[in-house]
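Structure first, commentary second.
The values are calculated or read from the model by the stated rules, or taken from the named source; none is laboratory data. Here the structure is a predicted model, which means the values were calculated and not measured. Cβ sites come from the backbone with ideal geometry, for glycine too, and all protein chains shown count toward neighbours. All accessible areas refer to the heavy atoms of the entire protein, side chains included, with ligands and DNA or RNA removed. Shrake-Rupley method; radii C 1.70, N 1.55, O 1.52, S 1.80 Å.
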Amino acid sequence: MASPAAERLRVTTTSEDASRHFFLGVSDARNISFSSAAMHFDRALEVDKNLGLARAFRAAVVPGLTQVERVAAIDSAIATMTSATTPERVVALALREFPNKDRAHALWQTAVTLLPGDPTVAFYAALSTPVPGDVAALRAFTQQFPEDAAGYNILAYQLWQAGDHEGGFTAVRRYVELAPDQPNAQDSYGELLQWSGRLTDAQAHYARAIQLDPSFSEAYMGSAEVSQLSGRGADARRQIQLAITHSASKATTIAYTRDLARSFLMDGLVKEGMDQFAIALKDAQALNRPKLIAQIHQDMAIADAQSGRGTTIASHLAAAAQANGAEDPMQIDVTAAANALAGDINVARQAIPKLTALAQPDNQYATHASVLRAIIALRENKPTEALTQLAGASLDDSWVRTLTAECYLAAGNLADARTLKNQVLNDPQLNFDDGYNVAARIRAAKIKA
């Protein structure tokens with residue numbers, strides 16, 4: 001049954017302080033300040049341990065949990081919500097289902113029916129809208145709740161990624177205007193400025209985010225990206241170390257340590273990079289995260305292949321397979337890639353058909369298979385065949401662009417080779433978490449054009 005138009009979410013508690021901290025936590029969660037959100041949910045629970053929805057929200061956003069751990073914690077919270085209202089229970093169920101957009105969206109839409117005047121449930125209903133309706137849903141949300149800041153953040157990124165860069169900037173400026181004291185607003189503005197190549201302006205906004213909240217680690221990572229793009233790798237690594245210092249969880253620390261390794265590798269400091277991967281691996285083993293352990297071994301296999309050494313590829317791939325299975329799609333992908341990069345063509349060729357079989361319209365495995373066939377063709381000194389393998393693959397892919405540059409170089413077309421090489425190296429959308437893109441940048445840097 002639909003509720004009155006102005007009905008909003010209320011939590012079942014007799015404590016005003018618990019309610020206040022709950023809604024502060026929700027606001028921080030919607031503004032991507034997850035550590036601060038968890039702190040507010042903890043304070044709410046200190047005042048009222050029976051506030052089940054605070055427990056569910058905390059489980060959904062606190063840094064460092066696996067998805068299995070999140071679901072278990074939310075289930076535990078739901079079990080305590082014996083006196084909660086129907087809208088509270090629906091919201092908790094929606095939080096539980098968030099990885100599955102279809103199921104989550106249906107529940108958030110039910111919450112909207114029950115609470116049509118509530119911006120939080122409307123926000124999450126829009127956020128969980130499956131493509132291609134997601135942009136329209138966020139735009140409709142900002143029209144319904146024009147003073148709600150968080151919606152403009154998501155809308156800004158959606159518009160940018162859809163190619164409407166000016167629309168993205170308009171939305172992010174509105175976000176900053178409505179939430180001037182939210183570090184994420186400054187961070188988001190900085191990131192869009194970075195992506196547009198305005199690195200000095202981006203750096204100023206990352207610095208402002210840090211000034212607002214020195215514990216907001218993502219702003220240090222944004223600053224690190226700007227420094228790396230500007231040729232200041234040592235400064236980038238100082239910023240990543242600051243992010244590690246302010247990391248909210250061990251899992252996040254591991255992610256930043258892998259980023260630190262990639263910064264070293266981008267500057268040609270292979271030993272230092274491998275040392276950081278080793279630190280990340282030890283921490284992942286301490287957490288007993290098999291998938292994460294496998295990913296770091298895969299990182300090390302690719303790094304070893306790109307370094308030209310190739311001495312530990314097999315051992316890292318074997319360890320990754322033992323941790324997370326030999327038939328895991330990423331394992332198949334990296335097995336083919338590491339061996340192709342190292343020149344073990346026979347092993348790479350054996351893995352590529354498995355990779356091709358994984359290709360679907362919603363993944364990149366078809367492109368990856370084309371890239372690997374092109375690498376093999378270049379290894380065999382067949383640049384024309386390599387170009388044929390890349391035909392139809394998008395030049396937006398950093399590896400496609402890098403290998404096309406190598407083909408042009410082999411054909412004596414230095415000008416176009418240099419242009420493509422520089423496009424890869426100077427692409428302002430650097431993300432240290434994207435190992436695929438970082439590896440392409442490392443390869444592109446070696447092109448003598």
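I need to check one value: relative contact order of the chain, counting alpha carbon pairs closer than 8 Å and at least 6 residues apart, in percent. Each step should come with its number before you reach the end.
Details: 682 pairs, mean separation 35.9, N = 449.
Reported relative contact order: 8 percent.
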task: Rounded to the nearest 10 degrees, what's the angle between the helix 313-324 long axis and the longest principal axis of the chain, both from Cα atoms, 0 to 90?
output: 30 degrees
- request: Quote the relative contact order of segment 1-144 in percent (integer), defining contacts as alpha-carbon pairs under 8 Å separated by 6+ residues.
  value: 25 percent
message: Counting just the Cα atoms, what span does segment 90-193 cover along each of its three principal axes? Round to the nearest Å and put the largest first.
response: 37, 26, 22
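So how strong a dipole does segment 118-226 carry about its Cα centre when Lys and Arg Cβ are +1 and Asp and Glu Cβ are -1, to the nearest 20 debye?
Details: 5 positive and 14 negative charges, 35 e Å.
Using only the charged Cβ atoms, the result is roughly 160 debye.
Could you tell me the calculated FRET efficiency between residue 285 and residue 230, based on Cβ-Cβ distance and R0 = 41 angstrom, to the nearest 0.05?
0.70
So how strong a dipole does segment 41-83 carry about its Cα centre when Lys and Arg Cβ are +1 and Asp and Glu Cβ are -1, to the nearest 20 debye?
Values: 5 positive and 5 negative charges, 9 e Å.
That gives segment 41-83 a dipole magnitude of about 40 debye.
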- prompt: Of 134, 362, 433, which has the most accessible area and how do the rest follow, probe 1.4 Å?
  reply: 362, 433, 134
statement: Expressed per residue, the solvent accessible area of segment 1-56 in Å² (1.4 Å probe) is about 53 Å²
query: Which ³J(HN,Hα) values in Hz, rounded to whole numbers, follow from the phi angles of segment 302-309 under the Karplus curve 6.51 cos²θ - 1.76 cosθ + 1.60, where θ = phi - 60° and Gly and Pro get x?
result: 5, 4, 5, 5, 6, 6, x, 7
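Give the accessible surface of segment 292-409 per residue, rounded to a whole number of Å², with probe radius 1.4 Å and ligands, DNA and RNA excluded. Walk me through the intermediate numbers first.
Numbers: 5200 Å² over 118 residues.
Roughly 44 Å² per residue, with all protein chains present.
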- request: Between residue 177 and residue 436, with labels modelled 7 Å along Cα→Cβ, what's the label distance in nm to one decimal, could you check?
  value: 3.7 nm
query: Of 348, 130, 71, which is farthest along the charge dipole of the chain in the positive direction, counting Lys and Arg as +1 and Asp and Glu as -1 at C-beta?
result: 348
query: What accessible area, in Å² to the nearest ten, does a 1.4 Å probe give for residue 34?
result: 70 Å²
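What is the Cα convex hull volume of the chain when expressed per residue in Å³?
Hull volume normalised by residue count: 148 Å³.
Taking all protein chains in place and a 1.4 Å probe, what share, in percent, of the accessible surface of segment 231-304 do carbon and sulfur account for? The partial results should precede the final answer.
On the way: 1650 of 3040 Å².
Looking at segment 231-304 in its full context, I get 54 percent from C and S.
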statement: Here the alpha-carbon Rg of segment 1-53 over 2.2 N^0.38 Å rounds to 1.22
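Per DSSP helix of 4 or more residues, -39500 (n - 2.57); summed, then divided by the residues of the chain. What does that give at 222 nm, rounded to the nearest 500?
On the way: 25 runs with 329 residues, N = 449.
Rounded to the nearest 500, the figure is -23500 deg cm²/dmol.
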query: Using a Gaussian network model of the chain with C-alpha springs under 10 Å, which one of 429, 241, 144 is most mobile by mean-square fluctuation?
result: 144
- line: Projecting the Cα atoms of 407, 381, 359 onto the charge dipole of segment 359-409, where Lys and Arg contribute +1 and Asp and Glu -1 at Cβ, the residue farthest towards the positive end is 381
query: Three principal axis extents, largest first, for the C-alpha atoms of segment 284-365, in Å?
result: 35, 32, 17
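Report the calculated FRET efficiency for residue 144 and residue 200 (r = Cβ-Cβ distance, R0 = 30 Å), to the nearest 0.05. Mind showing how you got there, number by number?
Details: r = 37 Å, r/R0 = 1.22.
With a Förster radius of 30 Å, E is 0.25.
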field: Protein accessible area in segment 323-449, 1.4 Å probe - carbon and sulfur %
entry: 50 percent
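Please report the projected area of segment 162-273's Cα convex hull averaged over all directions, in nm². Don't skip to the answer; put the middle values down first.
On the way: hull surface 29.5 nm².
Averaged projected hull area, Cα only: 7.4 nm².
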Partner lysines for residue 448 [C-alpha distance under 21 Å; skip if fewer than 8 residues away on the same chain]: 382, 421
Rounded to the nearest 10 Å², the accessible area of residue 275 at probe 1.4 Å: 70 Å²
message: Through the Karplus equation 6.51 cos²θ - 1.76 cosθ + 1.60, θ set to phi - 60°, convert the phi angles of segment 352-366 into ³J(HN,Hα) values in whole Hz; use x for Gly and Pro.
response: 4, x, 4, 5, 4, 5, 7, 5, 9, x, 9, 9, 9, 5, 5
query: When the dipole is taken about the Cα centre of the chain, and only Lys, Arg (+1) and Asp, Glu (-1) are charged at their Cβ, what size is it in debye, to the nearest 20?
result: 820 debye
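Relative to the present Cα-Cα distance, how much length would full extension add between residue 350 and residue 113 at 0.36 nm per residue of separation?
80.0 nm
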query: Are there trypsin sites (Lys or Arg not before Pro) in segment 208-251 that DSSP puts in a loop and that have at most 16 other Cβ atoms within 10 Å, and which ones?
result: 232
query: Between residue 385 and residue 23, 0.36 nm times their residue separation minus their Cα-Cα distance comes to what?
result: 124.4 nm
message: Using the Kirkwood radius over C-alpha pairs as Rh, can you work out the diffusion coefficient of segment 333-389 via Stokes-Einstein at 4 °C, viscosity 1.567 mPa s, in µm² per second?
response: 117 µm²/s
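Filter the GluC sites (Glu not before Pro) in segment 1-86 down to the DSSP loop ones having no more than 16 other Cβ atoms within 10 Å, then list what survives.
Working: sites: 7, 16, 46, 69; in loops: 7.
Answer in residue order: 7.
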- line: For segment 108-181 the GluC sites (Glu not before Pro) that pass both the DSSP coil test and the at-most-14 other-Cβ-within-10 Å test are 147
message: If I model a spin label at residue 165 and residue 14 as a point 7 Å from the Cα along the Cα→Cβ vector, what separation in nanometres do I get?
response: 5.9 nm
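Suppose the chain between residue 103 and residue 359 were pulled fully straight at 0.36 nm per residue; how much longer would it get relative to their current alpha carbon spacing? Kindly include the intermediate steps, with their values, before the conclusion.
Values: separation 256, 0.36 × 256 = 92.16 nm, distance 2.53 nm.
Residue separation times 0.36 nm, minus the Cα-Cα distance, leaves 89.6 nm.
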